[in-house]
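Worksheet: one structure, shown below.
The values are calculated or read from the model by the stated rules, or taken from the named source; none is laboratory data. Values in this document were obtained by computation on a predicted structure and should not be read as measured data. FYI the Cβ positions are ideal-geometry reconstructions off the backbone, even for glycines, and counts take in every protein chain you see. Only protein heavy atoms, including side chains, enter the accessible area calculation; ligands, DNA and RNA are left aside. Shrake-Rupley method; radii C 1.70, N 1.55, O 1.52, S 1.80 Å.
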Amino acid sequence: LLEQKVPPERILVITFMKEAALSMQNRFQQMAGAAGHGGPVFYPVNFGTFHSIFYHILKESKALKSGELLKNSEKKNLIFPILKTYEKQQGPGGASQEGQEGAGSLGDDASLILSAIGFYKNTMQMSAACEKVPVRWQPYFEAICREYALAVKKLGRLDFDDMLYECKVMLQENASVRNYWQNRFRHILIDEFQDINPVQYEAVKLLAARPYNIFAVGDDDQAIYGFRGSQPECLKRFEAEYRARQLLLDVNYRSRAEIVRASLAVIEENKDRFVKQLRAA
């Protein structure tokens, strides 16, 4: 892209792990610096994780009252009073269950409920999130979500998963902010695309402007993060919605031919995937 005269500050590179983002940035700077003439050159290409980039966008757009994220202990302090209110509504059944499970069970339930709230914020799938909480809390889960969100908002702080959701909402509702960031990042490159969740996918769609200069690398056969909301079917959505051209990397440099054949025999049982003919190097 630099050789095509794209300004480096217009390029955004997104991945999922902080270590991967730093590694990619360092490797890029070494390559770009080696290509420069007359000493080392620094190119201000934007590298980051989804969370760090969305946090930066919120912060620079003056959308944060406080930049400090809620600690896990603070999240529990916010949700405990809400759970105690609904525990009373459960009647004798809920209380006796509490007695059987011991004094720590409300704390355990709080962790599971906070995890399910995070899953909901990443997928917007209330029923799927509800199934992740203990049965006795399921009738109240939607209301608990609402009350917890209000408590976080009242505090003027941010939950880790709020960064993605709040950024998507801001880009959706504020046209001038959306136009600014679309102009700021004209080329978007995304790594490990099979790990993307629906909220991240929608936020990227809002960041992208015509002509859609998006390059996504992913392998739907390597999707293992469904438990935290990732949806590898976003790869198919990407191809269809952007009319993307697919470049298949069909040579496996890691495994022998018999392992590649055996692996394909297993993964081909999954019918919701891109069909691939792979070969060992």
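Observations on the structure shown:
- Scanning region 182-194 for residues that are in contact with a helix residue (DSSP H, G or I) (Cβ under 9 Å, 6 or more places away or on another chain), within 16 Å of HIS51 (Cα to Cα) and not β-branched (Val, Ile, Thr) yields ASP191, GLU192, PHE193.
- Hits in region 166-182 (condition: closer than 27 Å to GLN246 by Cα and either in a loop (DSSP other than H, G, I, E, B) or not basic (Lys, Arg) (or both)): TRP181, GLN182
- Residues of region 1-27 that are part of a strand (DSSP E or B) and exposed (fewer than 14 other Cβ atoms within 10 Å of the Cβ): none at all.
- Test: residue in region 127-137 that is outside any helix (DSSP H, G or I), buried (at least 16 other Cβ atoms within 10 Å of the Cβ) and at negative phi: yes
- Failed condition for GLN97, given (1) of a type in the set (S, T, N, Q); (2) at pLDDT 60 or above; (3) surrounded by 15 or more Cβ atoms within 10 Å (Cβ to Cβ): (2)
- The helices (runs of 4 or more DSSP H) falling completely within region 183-281 that include 3 or more residues that are without any contact (Cβ under 8 Å) to a residue 40 or more places away in the chain and farther than 17 Å from LEU171 by Cβ map to 234-241, 257-267.
- Among the residues of region 209-221, those identified as out of contact with any Phe, Trp or Tyr (no Cβ under 8 Å at 6 or more places or on another chain) and modelled with pLDDT under 95 are ALA209, ARG210, PRO211, ASN213, ASP219, ASP221.
- Unique residue being among the aromatic types (Phe, Trp, Tyr) and either over 20 Å from the mean Cα position of the chain (by Cα) or more than 24 Å from ARG178 (Cβ to Cβ) (or both) when the list is PHE16, PHE54, PHE47, PHE28: PHE28
- Residues in region 143-199 that are of a type in the set (D, E, K, R), within 21 Å of LEU12 (Cβ to Cβ) and touching an Asp or Glu at 6+ places or on another chain (Cβ under 7 Å): LYS168 alone.
- Any pair with Cβ under 7 angstrom, 6 or more apart, that starts in region 146-159 at a residue that is in contact (Cβ under 8 Å) with a residue 60 or more places away in the chain and outside any helix (DSSP H, G or I) and ends at one that is open to solvent by 50 Å² or more (accessible area, probe 1.4 Å) and of a type in the set (Asp, Glu): ARG157/GLU68
- Restricting region 218-249 to residues that are among the hydroxyl-bearing types (Ser, Thr, Tyr) and in contact with a helix residue (DSSP H, G or I) (Cβ under 6 Å, 6 or more places away or on another chain) leaves a set whose member that is surrounded by the most Cβ atoms within 10 Å (Cβ to Cβ) is SER230.
- Each residue in region 101-139 was checked for being over 30 Å from PRO232 (Cα atoms) and touching a residue at least 12 places away in the same chain (Cβ under 8 Å), and 3 of them qualify.
- Options LYS65, LYS84: the member that is modelled with pLDDT under 80 and among the basic types (Lys, Arg): LYS65
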